[in-house]
Amino acid sequence: MTHQSRTGSYAPLPSSQPAMNGRDQAGPLASFWQRRQRALAPWLFLAPALIAFTVYVLVPIVQSLALSLYDWDGLGKESFIGIANYVELYHDPDFWAALRNNLIWLGGFVLAIPAGLFMALFLNQQVFGIRLVKSLFFFPFVISQAVIGLVFSWFYDPTNGLLFHVLHLFGLNGIAVLSDGRYATWGIVIAGLYPQIAYCMILYLTGLNNVRADLIEAARLEGAKGWSMLTRIVLPQLRSATFIAVVVTVVGALRSFDMISIMTQGGPYGSSRVLAYYMYEQALSEYGYRMGYGSAIATVLFAIMLVYIVFVLVRIYRQEKERG
């Protein structure tokens with residue numbers, strides 16, 4: 001209903017019914033969003049990552065666990081055999097040799113943590129050109145693992161490698177590091193330490209930048225210096241960096257594969273295999289095509305890493321609880 005104004009135009013009369021607001025017009029869905037927006041918004045942002053994690057991580061893990069209960073060559077029809085693959089693993093000497101090599105990797109890689117700390121303390125100086133020196137020390141971590149493996153293969157060459165010439169200067173004979181089962185694993189571990197030490201060094205350098213200067217000065221006034229300064233003042237403030245270094249180092253040691261593939265292919269005679277490479281040999285190489293057996297090896301490796309990951313998560317939860 002309209003009325004005529006003084007200008008001659010017509011305008012609608014005010015309605016006697018109240019206008020509906022936007023929430024009512026949009027329906028119950030918009031009303032639900034308005035009430036739950038603060039709770040739902042984070043999950044909407046996390047949804048793409050959670051979907052990708054489920055599809056590319058959780059689903060393959062479940063499929064691998066299921067496949068370890070079958071005998072399958074990857075092409076034909078799979079046959080359910082229960083835990084027969086795990087029983088065979090228990091009696092497989094190559095499996096135990098690979099597990100022992102993983103423990104050697106773990107013990108050797110732990111040395112990267114104190115070595116990285118020492119290098120970080122050495123490089124944490126305010127002198128001219130120190131940034132260039134830090135970049136040179138960090139350079140090994142940037143290089144591809146394949147390149148490092150090739151470089152160390154040339155370094156260990158028993159006929160013309162750098163190690164051969166160094167030993168020759170001292171009147172010693174060359175050592176075929178990668179061709180001798182006694183030294184092959186240790187030689188690869190040393191090559192793997194080359195980039196791992198650089199990574200731990202960067203973690204500690206970052207942590208040293210956050211060390212409180214007032215605590216350092218107070219400790220100096222109290223007479224602390226050298227070892228006491230390091231253990232009582234500096235290291236407690238580097239706890240977070242140490243924790244991350246330990247986690248990354250242990251996981252890197254357990255999943256070692258690329259260095260072995262480049263430098264020895266598991267040889268000589270399988271003496272440098274680790275679980276990841278033995279899994280590859282059994283499941284995907286010409287030596288096996290035993291997908292179920294390879295999945296069983298992968299499951300054991302995953303169980304070992306899962307125990308460690310649970311331990312790490314429990315430690316993080318306790319630290320957060322203490323802070324809160």
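The values are calculated or read from the model by the stated rules, or taken from the named source; none is laboratory data. Model, not experiment: these values are computed from the prediction. Methodologically, a virtual Cβ is constructed for each residue, glycine included, from the backbone with ideal geometry; neighbour enumeration extends over all protein chains shown.
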* Structure fact -> Only one of Ser79, Ser153, Ser135 is polar (S, T, N, Q) and closer than 27 Å to Phe243 by Cα, namely Ser135
* What's the number of the condition Ser228 fails, among (1) more than 24 Å from Ser68 (Cβ to Cβ); (2) polar (S, T, N, Q); (3) within 24 Å of the chain's Cα centre (by Cα)? -> (3)
* Failed item, numbered, when Thr231 is tested on (1) in contact with an Asp or Glu (Cβ under 9 Å, 6 or more places away or on another chain); (2) assigned to a helix (DSSP H, G or I); (3) not charged (D, E, K, R) -> (1)
* Looking for whichever is among the β-branched types (Val, Ile, Thr), modelled with pLDDT under 85 and either closer than 20 Å to Arg273 by Cα or assigned to a helix (DSSP H, G or I) (or both) here; the options are Val133, Val127. Which one fits? => Val133
* Can you pull out the residues in segment 77-106 that are free of Cβ contacts under 8 Å to residues at least 24 places away in the same chain and part of a helix (DSSP H, G or I)? -> Ala84, Val87, Tyr90, Pro93, Trp96, Arg100, Leu103
* To do: Consider only pairs whose beta carbons are under 6 Å apart and that are at least six residues apart or on different chains; among these, list those whose first residue lies in segment 252-275 and is of a type outside the set (Ser, Thr, Tyr) and whose second residue is surrounded by fewer than 19 Cβ atoms within 10 Å (Cβ to Cβ) and assigned to a loop (DSSP other than H, G, I, E, B).
  => Pro268/Gly181
* Is there a residue in segment 85-99 that is modelled with pLDDT under 90, loosely packed, with under 11 Cβ neighbours inside 10 Å and not hydrophobic (A, V, I, L, M, F, W, C)? -> no
* Scope segment 163-194; condition of a type in the set (A, V, I, L, M), farther than 29 Å from Val248 by Cβ and out of contact with any Pro (no Cβ under 7 Å at 6 or more places or on another chain); matching residues -> Val166, Leu167, Leu169, Leu172
* Ala283 vs. criteria of a type in the set (A, V, I, L, M, F, W, C) and within 20 Å of Leu103 (Cβ to Cβ) -> no
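Okay, residues lined up against (1) free of Cβ contacts under 8 Å to residues at least 12 places away in the same chain; (2) within 30 Å of Arg100 (Cβ to Cβ); (3) not aliphatic (A, V, I, L, M):
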| site | (1), (2), (3) |
| --- | --- |
| Val166 | yes, yes, no |
| Leu172 | yes, yes, no |
| Leu178 | no, yes, no |
| Thr206 | no, no, yes |
| Asn210 | no, no, yes |
| Arg232 | no, no, yes |
| Leu238 | no, no, no |
| Thr242 | no, yes, yes |
| Val247 | no, yes, no |
* So, of the residues in segment 106-129 that are of a type in the set (Phe, Trp, Tyr) and closer than 30 Å to Met305 by Cα, which turns out to be surrounded by the most Cβ atoms within 10 Å (Cβ to Cβ)? -> Phe109
* To do: Determine, yes or no, whether Leu215 is within 15 Å of Leu121 (Cα to Cα) and either among the basic types (Lys, Arg) or not in a loop (DSSP other than H, G, I, E, B) (or both).
  => no
* Asked: Just one of the numbered conditions (1) assigned to a helix (DSSP H, G or I); (2) within 26 Å of Val312 (Cβ to Cβ) is not true of Asn210; which one?
  -> (1)
* Report, ordered by the first and then the second residue, all pairs with beta carbons closer than 9 Å, sequence separation of six or more or different chains, a first member in segment 117-128 that is within 21 Å of Phe243 (Cα to Cα), and a second member that is surrounded by fewer than 11 Cβ atoms within 10 Å (Cβ to Cβ). => Asn124/Asn209
* To do: Looking only at segment 183-196, decide whether some residue is at pLDDT 85 or above, outside any loop (DSSP other than H, G, I, E, B) and farther than 28 Å from Arg273 by Cα.
  => no
* For Ala224, which of the numbered conditions (1) of a type in the set (A, V, I, L, M, F, W, C); (2) part of a helix (DSSP H, G or I); (3) under 30 Å from Phe122 (Cα atoms) fails to hold? -> (2)
* Confirm whether Leu46 is modelled with pLDDT of 90 or more and within 29 Å of Phe257 (Cα to Cα). => no
* Asked: Is there a residue in segment 278-298 that is β-branched (Val, Ile, Thr), over 26 Å from Val62 (Cα atoms) and in the same structural domain as Phe155 (by TED's automatic domain parsing)?
  -> no
